[in-house]
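I have placed the structure first, in the form of structure tokens, so that the comments after it can refer back to it.
The values are calculated or read from the model by the stated rules, or taken from the named source; none is laboratory data. Because the structure is a prediction, the values reported are computed rather than measured. Here the Cβ positions follow ideal geometry from the backbone for every residue, glycine too, while neighbour counts run over all protein chains shown.
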Amino acid sequence: MKIPKIIAEIGVNHNGSVDLAIESIYAAKKAGADAVKFQYFNANKLASKKTPKAEYQKRSIASNITHNEMLKSLELSENDFEKIYNYTKSHNIEFICTPYGIEEAKFLKLIGVNTFKIASLDLCDYFLHSWMSKNADNVIIATGAANLEDIQRCLSLYKNSSVKLTLLHCVSNYPCSDISINLRVLNLLKREFGLMIGFSDHSVDSCAAQLSCVFEIDIIERHFTLSKFLSGPDHQASDTPLEFMNYVHDVKRAVKILGKENKNIQDEERSIINSSRKSLVWDVSAAANTTVQLSNFTAMRPGTGISPMLVTDLIGRKLSKSVKSGEMVEYENFL
């Protein structure tokens, strides 16, 4: 089994501060992340002033702050993103970003970003996917709040493209309910589209991520924050550094437990084989030249002798010497 790439989705949990963003990257790498992901947008181009807040945003953002104003407070500049990207390069952790518009995507490519993630709710953005299909190297497409027809329509834009695609299964709620996670969809996505697959995990703990490893996925994404008590829409549904560290440990343990599709005797089992398997033992004493029958044998511990499963190979052979009841059967007992 392979260990999936684990992405710390810092997203907008930098709260508009490049210093907080860099501190988060450092903490995410220390907690075991293979990559960090951010979101890049221009609030006025992304959402009109009449856009309502999502339900989960209403729980953490004051009612007098609009969706547009919330986004405005979470913006980072081009200069900020260049600093963040350069920090990830110098600290040897992969940088991934979700652009919400073509201008943002162009800038990210200009500074060297080669892996983009498209948010679930932008599965329908014809303009952004058209640009990606012609200009990107690697695109991760989240599929929350979508059905197969939505995904097929989006992927049709990449039909003649050389872009390396990954589909992420997720549920677009923060946190999402267990009954909605439906991890078997991972097999469906793999079968239907033949692409790399992953899991963007919005659940409450590591259980779903561990189970997702059964499907040999390529990526797991998990929201990351320095503190759930920071202001902002996503902190409460994100893992702290300690939680993320435990999450990474749980995923890697799940992969280790799943192992490989073979059935071998494990090294740690060998001592119990010697002590607790059975070997062939003489059930009755017999003289030399006796032709042995099944009734001559029994099976007893330890397991250091001839396996009882081989007893039929010995029936009908003659003894080379006398044997006593309770002695372990040896091949040298036979002519």
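Kindly indicate which of Ala43, Ala62, Ala21 is in contact with a helix residue (DSSP H, G or I) (Cβ under 6 Å, 6 or more places away or on another chain), farther than 23 Å from Asn92 by Cα and in the same structural domain as Ile220 (by TED's automatic domain parsing).
Of the residues listed, the single one that is in contact with a helix residue (DSSP H, G or I) (Cβ under 6 Å, 6 or more places away or on another chain), farther than 23 Å from Asn92 by Cα and in the same structural domain as Ile220 (by TED's automatic domain parsing) is Ala43.
For the stretch 203-240, filtering for residues that are under 11 Å from the mean Cα position of the chain (by Cα) and either buried (at least 20 other Cβ atoms within 10 Å of the Cβ) or among the aromatic types (Phe, Trp, Tyr) (or both) leaves 10. Filtered by the rule that a residue be part of a loop (DSSP other than H, G, I, E, B) and surrounded by 14 or more Cβ atoms within 10 Å (Cβ to Cβ), the stretch 169-194 gives Val171, Ser172, Asn173, Tyr174, Pro175, Cys176, Leu183. The set of residues from the stretch 218-269 being among the charged types (D, E, K, R), over 28 Å from Leu165 (Cα atoms) and in contact (Cβ under 8 Å) with a residue 12 or more places away in the chain comprises just one member, Lys228. Can you tell me which of Asn262, Asn246, Asn274 is touching a Pro at 6+ places or on another chain (Cβ under 9 Å) and surrounded by fewer than 17 Cβ atoms within 10 Å (Cβ to Cβ)? Criteria check complete, one pass: Asn274.
Taking helices (runs of 4 or more DSSP H) that fall entirely within the stretch 4-62, which contain at least 1 residues that are small (Gly, Ala, Ser) and over 20 Å from Phe81 (Cβ atoms)?
55-60
Does the stretch 283-309 hold any residues that are hydroxyl-bearing (Ser, Thr, Tyr) and either surrounded by 13 or more Cβ atoms within 10 Å (Cβ to Cβ) or touching a residue at least 24 places away in the same chain (Cβ under 8 Å) (or both), and which are they?
Ser285, Thr290, Thr291, Thr298, Thr304, Ser307
Quick one: would you say Glu75 is in the same structural domain as Asn13 (by TED's automatic domain parsing), assigned to a loop (DSSP other than H, G, I, E, B) and under 30 Å from the mean Cα position of the chain (by Cα)? Yes, satisfied. From Lys117, Lys106, which residue is exposed (fewer than 15 other Cβ atoms within 10 Å of the Cβ) and not acidic (Asp, Glu)? Answer to the selection: Lys106. Evaluated against (1) basic (Lys, Arg); (2) in contact with a strand residue (DSSP E or B) (Cβ under 7 Å, 6 or more places away or on another chain); (3) free of Cβ contacts under 8 Å to residues at least 60 places away in the same chain, Lys89 falls short on exactly one condition, (2). Annotation note: of Asp218, Asp234, the sole residue that is touching a His at 6+ places or on another chain (Cβ under 7 Å), closer than 27 Å to Ser24 by Cβ, in the same structural domain as Trp131 (by TED's automatic domain parsing) and not hydroxyl-bearing (Ser, Thr, Tyr) is Asp234.
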